[in-house]
1. Just for region 99-151: of the residues that are over 16 Å from VAL70 (Cβ atoms) and hydroxyl-bearing (Ser, Thr, Tyr), which one is surrounded by the fewest Cβ atoms within 10 Å (Cβ to Cβ)?
2. Residue pairs, Cβ under 6 Å, 6 or more apart or interchain, first in region 4-15 and part of a loop (DSSP other than H, G, I, E, B), second not aliphatic (A, V, I, L, M). List them.
3. Only one residue in VAL42, VAL92, VAL96, VAL80 is surrounded by 11 or more Cβ atoms within 10 Å (Cβ to Cβ), modelled with pLDDT under 90 and more than 25 Å from the chain's Cα centre (by Cα), so which one is that?
4. Being modelled with pLDDT of 85 or more and out of contact with any Phe, Trp or Tyr (no Cβ under 9 Å at 6 or more places or on another chain), is that true of even one residue in region 45-57?
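The values are calculated or read from the model by the stated rules, or taken from the named source; none is laboratory data. The structure displayed is predicted, hence computed values, not measured ones. Backbone-built Cβ (ideal geometry, glycine too); neighbour counts: all protein chains shown.
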Amino acid sequence: MRNKKKHLDFEVNLIPCIDLLSVCICFLLLTAVWLNVGSMNVKQAIGGQAQADTVKSPLVWIRMTATGDVNLEVQETNNVPVAQRKIHLDQVNNQVNWEQLETTVASLRVLEPALNTGLILPVATTAYEDIIAVMDKLKKNGMTDLGVSPL
């Protein structure tokens, strides 16, 4: 009987692997320019600091109901009359009345120029687009500190 020795040296041809990796890198570099990252600068308006450091500044709570109505409640202010601190906005054509919301926020900002904080309280059935639209309307009227309450 003849004893055959097998060669234990084995060579892997790495050229096809390198070719495949170079094609993948080229594809990655070409598709990276199509990536468009949209972001909105949102920070925590309440609760990010100690209680002693908290300065009482005027704020408005925007409550979005399941029926599509919007309720505004202004707190921590003396410049806004009591009758205008709680405002109910009815919906138009089963949607939020965007014009009335914008004019209401603008009039509140005229009465209270220090009103920079807006907190949105949606319900579980509130559309994401409506929350973003409310944030856009508040930003357009000069409110810089916005927050969304968790459900």
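1. Across region 99-151, the extreme among qualifying residues is THR144.
2. Going by the 6 Å Cβ cut-off, there are no qualifying pairs.
3. On the way: VAL42 fails: more than 25 Å from the chain's Cα centre (by Cα); VAL92 fails: more than 25 Å from the chain's Cα centre (by Cα); VAL96 fails: more than 25 Å from the chain's Cα centre (by Cα).
The conditions single out VAL80.
4. The answer is no, given that none of the residues of region 45-57 is modelled with pLDDT of 85 or more and out of contact with any Phe, Trp or Tyr (no Cβ under 9 Å at 6 or more places or on another chain).
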